[in-house]
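For reference, the structure discussed in these notes is given below.
The values are calculated or read from the model by the stated rules, or taken from the named source; none is laboratory data. Computed from a predicted structure; not experimentally measured. Ideal geometry is used to build each Cβ from the backbone, glycine not excepted, and the neighbour counts take in all protein chains shown. Heads up: the accessible areas ignore ligands, DNA and RNA and are worked out on the full protein's heavy atoms, side chains in. Shrake-Rupley method; radii C 1.70, N 1.55, O 1.52, S 1.80 Å.
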Amino acid sequence: MLHTKPLNENDYELIKAAEEVIEKNYHYGRHHIGAAVRTKSGSIYAAVHLEANVGRIAVCGEAMALGKSISEGENEFETIVAVAHPHPDENIEYCWVVAPCGMCRELISDYGKDTEVILSYNGENVKCNIMDLIPEKYTSDVE
Ligand SMILES: [Zn+2]
């Protein structure tokens, strides 16, 4: 059972930023995920994912958003979200929230263990702490 919290106005604004970046930059076979991160200072950085011909070298939107934020000097994160943009043949009119993949769960938690993640859970958009999404996270620390 995941411990979740309801979304607030800031969270809806963050989802909107993720939607806007992918609506503006959607490109079939190149970019169909948008992500946005809110920093503790309140800034929002949004980015698209990078698809690749060799699928396993694709770079997720969450990683791109974190990198964009850090490149602008902001490295303390409050909340992150990713959305998927429909493909033309899917006959869907809207973007939807997607959960971070396993690699992004590692990355997000590496860069901030108190970061909140917006995801769809039991059919509803909610948020939870990143550490709840990666139990018994790998660490190189000796415990
Ligand atoms: Zn990912």
Against the globular-protein guess of 2.2 N^0.38 Å, express the Cα radius of gyration of the chain as a ratio, rounded to two decimals. 1.02
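With a 1.4 Å probe and every protein chain left in place, work out the accessible area per residue of the chain in Å², rounded to a whole number. Walk me through the numbers on the way to the answer.
Numbers: 8410 Å² over 143 residues.
Per residue, the chain has an accessible area of 59 Å².
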Sequence neighbours fewer than 8 away in the same chain don't count; with that in mind, list the lysines whose C-alpha is under 27 Å from residue 16. 5, 24, 40, 68, 113, 127
The chain: most fluctuating residue of 48, 59, 81 per GNM, C-alpha cutoff 10 Å: 59
Label point 7 Å beyond Cα of residue 103 along Cβ direction - residues of the stretch 50-83 with amide nitrogen under 18 Å: 50-68, 81-83
Give, as a single signed number, the net charge of other residues whose beta carbon lies under 13 Å from the beta carbon of residue 106, with Lys and Arg counted +1 and Asp and Glu -1. 0
Work out how much length residue 58 to residue 72 would gain on full extension: take 0.36 nm times their residue separation and subtract the Cα-Cα distance, in nm to one decimal. 2.8 nm
Note: residue 24 to residue 89 extended length (0.36 nm per residue) minus current alpha-carbon separation gives 21.6 nm
Taking the alpha-carbon centroid of each part, what is the distance from the stretch 1-45 to the stretch 72-115 in angstrom? 7
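Pop out the carbon and sulfur fraction of the accessible area of the chain as a percent, whole number, probe 1.4 Å.
Numbers: 4140 of 8410 Å².
Heavy-atom surface of the chain belonging to carbon and sulfur, 1.4 Å probe: 49 percent.
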Would you mind computing, in nm to one decimal, how far apart the modelled labels at residue 51 and residue 141 are, each placed 7 Å from Cα along Cα→Cβ? 4.0
In sequence order, calculated HN-Hα J values of the stretch 74-91 (Karplus, 6.51, -1.76, 1.60; Hz; x Gly/Pro): 10, 10, 10, 10, 9, 8, 9, 8, 10, 10, 9, 9, x, 8, x, 7, 8, 6
For the stretch 54-63, in order, what is each residue's ³J(HN,Hα) by Karplus, 6.51 cos²θ - 1.76 cosθ + 1.60 with θ = phi - 60°, in whole Hz (x at glycine and Pro)? 8, x, 6, 9, 4, 10, 5, x, 4, 5
Lys and Arg at +1, Asp and Glu at -1: neighbours of residue 125 with Cβ under 14 Å from its Cβ sum to -3
Using a 10 Å cut-off on Cβ atoms, rank the peptides 11-20, 133-142 from the highest mean neighbour count down. 11-20, 133-142
